[in-house]
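The values are calculated or read from the model by the stated rules, or taken from the named source; none is laboratory data. The model shown is predicted, which means the values in this text are computed figures rather than measured ones. As a convention, Cβ positions derive from the backbone with ideal geometry for all residues, glycine included, and neighbour counts pool all protein chains shown.
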């Protein structure tokens, strides 16, 4: 596992130093803007340059996060952030929004692009699409099993790097698909402002804190991740202290070297009732859930001083070769890290002497040149060329060493350089919306059958279309209005192949896709594509990128303000989530199953918050569950800046669905609703 990268978090310079001194191979940091951890200290432009200098001196790579959604009025700040990253010489940028990826490629094409876990890439189709878009690495979804990771590696180009989280906090929701903080408190996780409401006391049956998972830890299984094709193991925790970073990195280093990691120290530094490997092993049971207890807090206090020893001293990690030439007129010291070479010179009568003292040999020179404590370097070899048998003073050797090391530091610190070309912001045709069409999306045909003929388009699950096609044709006359929905999470598309062939045989040409992997799959199967709000589109450039991928119509993110939606331009139709119980989370570890079991739930469970408000949990064929908002989104009384309005029906009765539809057509308000972040 020599080439396995250990990637550490750093919310500030103290954490970065702790990571490097503890043995991290790479560190990821955020800027003051556009970071998914906006509450961390993060780095300004000067601090980022210092971070890059320090990392590169020690042979450590620096990754920078620009992993939030970007609104069009922020493009100026985005370009400035890209420029800061390029000028600092960071090694890679971690991205969620396709618009950000686009402008990085335009401004600084040499820098590596990494697809953030916020893109929710959880299958080979999504990973291949990211590679096609120019990403050199994909940070895989945290919810994958080891076998699923192996399958992705098997079915993706070998040039595409795969990164996986190995330790740290787990989001309850699939990353990039959580709206809980945004909708309950106005603080968007997709914008780096998550307030972690999932850690509050939601309950199901007798189970409390049923949205709070233990921290993950796969450190003891690093070898299995490596064998599965993972090139980089990532530690979560840009909000954590330096001691946490040091302990996690140290544990990973020990595991990588085949030694036993100190998991007890790691647990004491920070845990939530211990750790879980439930996602990696596929054992998604009640044991995955946990909270931060008083005992956990007390254990942390006692472990901090012990952990500080792990990063108190600089780590000598870069082997160097010395060559010392001793001449009568000039003495020259060469230091090389096998890539960079620096020189130091000494002249004058006081530097050498002949005859009175022994000639300087390699043993004598090594005793001084190897004094590299406090630097990044470790003397691997020393060669002395002394044709005249001269004696070199120890003070001169020390001075040459310090001078040569300083020059090598400068060479290594500036080893990564990029050109930066200010990109022009692309302009798209302004949309001229004269009519907002009505699209119906329903979990069951019966819910909408009484008014479906009045809709412009209808989205139904594949199974509903296949089982109810005769009823649908009886009311609609044909299936021309119907689009088939691919589930939001698909871990293996082979199971869908036969059903899609059946759908295509019925004459259905359109698929509704909620994930980048589904978009790629639908395009490969030669379907037209309607993009769901799970694509997180909030700007015209992201819309244009999806259009290039085959998306003909797209539902904008439910987080976009209506004022920003008005600014969206382009040649494809856009829609808004105009009614429905918005999925606040997509859950692979179902809290209802953990609390009462699937038999009692029967696919329609619920959880309760600390105020007694109930949230329904809808099972999706036991592959994942959706946590629905307690009140529906509704903007039927607004003037919508969209080509279509998506009315989404899940748990409502047919009568309730028809009443909503009638109110929407009339432009009326409904009694119980939220407008979310649209206002």
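The table below gives the values:
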read-out: One residue from 330, 298 being closer than 30 Å to residue 269 by Cα and free of Cβ contacts under 8 Å to residues at least 24 places away in the same chain; value: 298
read-out: In the stretch 593-612, residue surrounded by the most Cβ atoms within 10 Å (Cβ to Cβ) [restricted to those that are touching a residue at least 12 places away in the same chain (Cβ under 8 Å) and closer than 16 Å to residue 199 by Cα]; value: 607
read-out: Failed item, numbered, when residue 177 is tested on (1) surrounded by 24 or more Cβ atoms within 10 Å (Cβ to Cβ); (2) over 21 Å from residue 238 (Cα atoms); value: (2)
read-out: The stretch 412-432, subset touching a strand residue (DSSP E or B) at 6+ places or on another chain (Cβ under 9 Å) and assigned to a loop (DSSP other than H, G, I, E, B), residue nearest to residue 641 (Cα to Cα); value: 431
read-out: Filter pass, residue 147 being without any contact (Cβ under 8 Å) to a residue 12 or more places away in the chain, assigned by TED's automatic domain parsing to the domain that holds residue 42 and over 13 Å from the mean Cα position of the chain (by Cα); value: no
read-out: Matching option when the condition is part of a loop (DSSP other than H, G, I, E, B) and either surrounded by fewer than 22 Cβ atoms within 10 Å (Cβ to Cβ) or within 27 Å of the chain's Cα centre (by Cα) (or both), among 659, 671; value: 671
read-out: Selected residue (only one of 64, 20 is free of Cβ contacts under 8 Å to residues at least 40 places away in the same chain, closer than 30 Å to residue 339 by Cα and surrounded by 20 or more Cβ atoms within 10 Å (Cβ to Cβ)); value: 64
read-out: Qualifying residue in the stretch 448-459 (condition: within 28 Å of residue 177 (Cα to Cα), in contact (Cβ under 8 Å) with a residue 40 or more places away in the chain, in contact with a helix residue (DSSP H, G or I) (Cβ under 7 Å, 6 or more places away or on another chain) and part of a strand (DSSP E or B)); value: no
read-out: Residue 351 under 14 Å from residue 323 (Cβ atoms) and either surrounded by 19 or more Cβ atoms within 10 Å (Cβ to Cβ) or touching a helix residue (DSSP H, G or I) at 6+ places or on another chain (Cβ under 7 Å) (or both); value: no
read-out: Members of the stretch 108-144 that are part of a loop (DSSP other than H, G, I, E, B) and farther than 17 Å from residue 68 by Cα; value: 108, 109, 110, 111, 122, 123, 133, 134, 136, 142, 143, 144
read-out: Qualifying residue in the stretch 307-321 (condition: crowded, with 22+ Cβ neighbours inside 10 Å, in contact (Cβ under 8 Å) with a residue 60 or more places away in the chain and in contact with a strand residue (DSSP E or B) (Cβ under 9 Å, 6 or more places away or on another chain)); value: yes
read-out: Subset of the stretch 613-644 that is over 29 Å from the mean Cα position of the chain (by Cα) and not in a loop (DSSP other than H, G, I, E, B) - its residue that is surrounded by the fewest Cβ atoms within 10 Å (Cβ to Cβ); value: 614
read-out: Number of the condition not met by residue 556 [criteria: (1) more than 23 Å from residue 122 (Cβ to Cβ); (2) surrounded by 23 or more Cβ atoms within 10 Å (Cβ to Cβ)]; value: (1)
read-out: Selection within the stretch 238-261 - in a loop (DSSP other than H, G, I, E, B) and either under 19 Å from residue 60 (Cα atoms) or in contact with a helix residue (DSSP H, G or I) (Cβ under 6 Å, 6 or more places away or on another chain) (or both); value: 238, 257, 261
read-out: Condition met for residue 431 (at pLDDT below 95 and over 30 Å from residue 342 (Cβ atoms)); value: yes
read-out: Some residue of the stretch 43-59 being crowded, with 20+ Cβ neighbours inside 10 Å and out of contact with any strand residue (DSSP E or B) (no Cβ under 9 Å at 6 or more places or on another chain); value: no
read-out: Test: residue in the stretch 218-237 that is farther than 26 Å from residue 16 by Cβ, part of a loop (DSSP other than H, G, I, E, B) and touching a strand residue (DSSP E or B) at 6+ places or on another chain (Cβ under 9 Å); value: yes
read-out: Single condition residue 388 does not satisfy, out of (1) in contact (Cβ under 8 Å) with a residue 24 or more places away in the chain; (2) surrounded by fewer than 18 Cβ atoms within 10 Å (Cβ to Cβ); (3) closer than 30 Å to residue 645 by Cβ; value: (3)
read-out: Residues satisfying the stated conditions in the stretch 645-655, i.e. in contact with a strand residue (DSSP E or B) (Cβ under 8 Å, 6 or more places away or on another chain) and outside any strand (DSSP E or B); value: 650, 651
read-out: Breaking point among (1) touching a residue at least 60 places away in the same chain (Cβ under 8 Å); (2) surrounded by fewer than 20 Cβ atoms within 10 Å (Cβ to Cβ); (3) assigned to a loop (DSSP other than H, G, I, E, B), for residue 158; value: (1)
read-out: Enumerated strands (runs of 3 or more DSSP E) restricted to the stretch 263-375, each holding at least 2 residues that are under 21 Å from residue 253 (Cα atoms); value: 318-326
read-out: Qualifying residue in the stretch 90-111 (condition: outside the structural domain of residue 514 (by TED's automatic domain parsing), closer than 24 Å to residue 238 by Cα and surrounded by fewer than 18 Cβ atoms within 10 Å (Cβ to Cβ)); value: no
read-out: Unmet requirement for residue 607, which otherwise passes all of (1) under 27 Å from the mean Cα position of the chain (by Cα); (2) modelled with pLDDT of 95 or more; value: (1)
read-out: Single residue of 465, 473, 458 found to be in the same structural domain as residue 580 (by TED's automatic domain parsing) and surrounded by fewer than 16 Cβ atoms within 10 Å (Cβ to Cβ); value: 473
